[in-house]
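**Q** Here it is: the structure, laid out below.
The values are calculated or read from the model by the stated rules, or taken from the named source; none is laboratory data. All of these numbers come straight from a predicted model, not from anything done at the bench. As a convention, Cβ positions derive from the backbone with ideal geometry for all residues, glycine included, and neighbour counts pool all protein chains shown.
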Amino acid sequence: MITTESINVIREQVRAWRIKGETVAFVPTMGNLHLGHITLVKEARSRADHVIASIFVNPMQFGQNEDLDAYPKTLIDDQQALIAAGAELLFTPTPAIIYPKGMDVQTFVEVPLISDQLCGESRPGHFRGVATIVCKLFNIVQPDIAVFGQKDFQQLLVIKTMVEDLSMPIEIVGVETIREASGLAMSSRNGYLTSAQKQQAAVLKQTLDKMANELCSGKQINEVIKAAQQVIASAGFRNDYLDIRHAKSFNKALSSDNELVILVAAYMGDTRLIDNLVVRLN
């Protein structure tokens, strides 16, 4: 696997593959890889002739008092994991390469409406940073396919909307959330939790499952949310949000909707965890 900071190296290699009529899949990450990321790479490998991954901890998507400086960097381990999963090219740019003029004067991409809700409301500017870096990486790599995890459901919807609105010729593939044995969604931020907190945090998925069952049995949406908020708070979490939305439009869920997504963000200590569950009603 080639590891490079150079945009030109990426473009030259992609051009060489294109000349041969070969396809390219792309998996953007922020590093500190776990099984969830590796699953994305393997999915990409199954869908294209070549796989490119990137590792870039994007400062534009971090707000004030967030964990940018503390975000774990494990490049050597990440490289070995990517090689084993079938990646052939790893792009590891610096902020100076991505934002050579500085972020204050950087052109940005913003997806309206979706970006202002839930995680977007809790983390102002977050999805502007996500859309901008993903758009920029897409322009650098120019993949046929890009693969993302469904754990970040709102992020995935932002990216799909951006690609559709800007007529990008890229297929966006979402991959089901990979979980620890307890049910906790795999995340780089799980490394901030103690063993006891990890077990405690498993309540998130248990609560989502219970909410899904209640929705399927016909219980009212507001009642389902209210009861679940109490369960999460009793488990030691500090609630950020818990909501049920239409899985495609992202509008507030109505009793007549059949395709729903339950979304939660909550703090265990200082660590913010997110999860979601798609529910299809008959």
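**Q** Among the residues of the stretch 232-250, how many are without any contact (Cβ under 8 Å) to a residue 40 or more places away in the chain and surrounded by fewer than 17 Cβ atoms within 10 Å (Cβ to Cβ)?
**A** Summing the residues that are without any contact (Cβ under 8 Å) to a residue 40 or more places away in the chain and surrounded by fewer than 17 Cβ atoms within 10 Å (Cβ to Cβ) in the stretch 232-250 gives 9.
**Q** Which of the residues belonging to the stretch 261-281 are in contact (Cβ under 8 Å) with a residue 40 or more places away in the chain and more than 20 Å from residue 175 (Cβ to Cβ)?
**A** Of everything in the stretch 261-281, those that are in contact (Cβ under 8 Å) with a residue 40 or more places away in the chain and more than 20 Å from residue 175 (Cβ to Cβ) turn out to be 265, 266, 268, 269, 270, 271, 272, 281.
**Q** Determine which member of the set 118, 68 is under 30 Å from residue 241 (Cβ atoms), touching a Phe, Trp or Tyr at 6+ places or on another chain (Cβ under 7 Å) and at pLDDT below 95.
**A** 68
**Q** While we're looking at this one, here's another question. Any residue in the stretch 1-23 that's more than 19 Å from residue 92 (Cα to Cα): show its pairings with residues that are outside any strand (DSSP E or B) and hydrophobic (A, V, I, L, M, F, W, C) at Cβ separation under 6 Å, as long as the two are six or more apart or on different chains.
**A** That search, which allows pairs on different chains as well, returns 23/48.
**Q** So which residues in the stretch 62-83 are in contact (Cβ under 8 Å) with a residue 12 or more places away in the chain and not in a loop (DSSP other than H, G, I, E, B), if there are any at all?
**A** Those that are in contact (Cβ under 8 Å) with a residue 12 or more places away in the chain and not in a loop (DSSP other than H, G, I, E, B): 75, 77, 78, 79, 81, 82, 83.
**Q** Yes or no: the stretch 98-119 includes at least one residue that is under 20 Å from residue 251 (Cα atoms), in contact (Cβ under 8 Å) with a residue 24 or more places away in the chain, surrounded by fewer than 20 Cβ atoms within 10 Å (Cβ to Cβ) and touching a strand residue (DSSP E or B) at 6+ places or on another chain (Cβ under 9 Å).
**A** Yes, some residue in the stretch 98-119 is under 20 Å from residue 251 (Cα atoms), in contact (Cβ under 8 Å) with a residue 24 or more places away in the chain, surrounded by fewer than 20 Cβ atoms within 10 Å (Cβ to Cβ) and touching a strand residue (DSSP E or B) at 6+ places or on another chain (Cβ under 9 Å).
**Q** For residues that are assigned to a loop (DSSP other than H, G, I, E, B) and among the hydroxyl-bearing types (Ser, Thr, Tyr), scanning just the stretch 143-183, find the one that is surrounded by the fewest Cβ atoms within 10 Å (Cβ to Cβ).
**A** Among them, the one singled out is 167.
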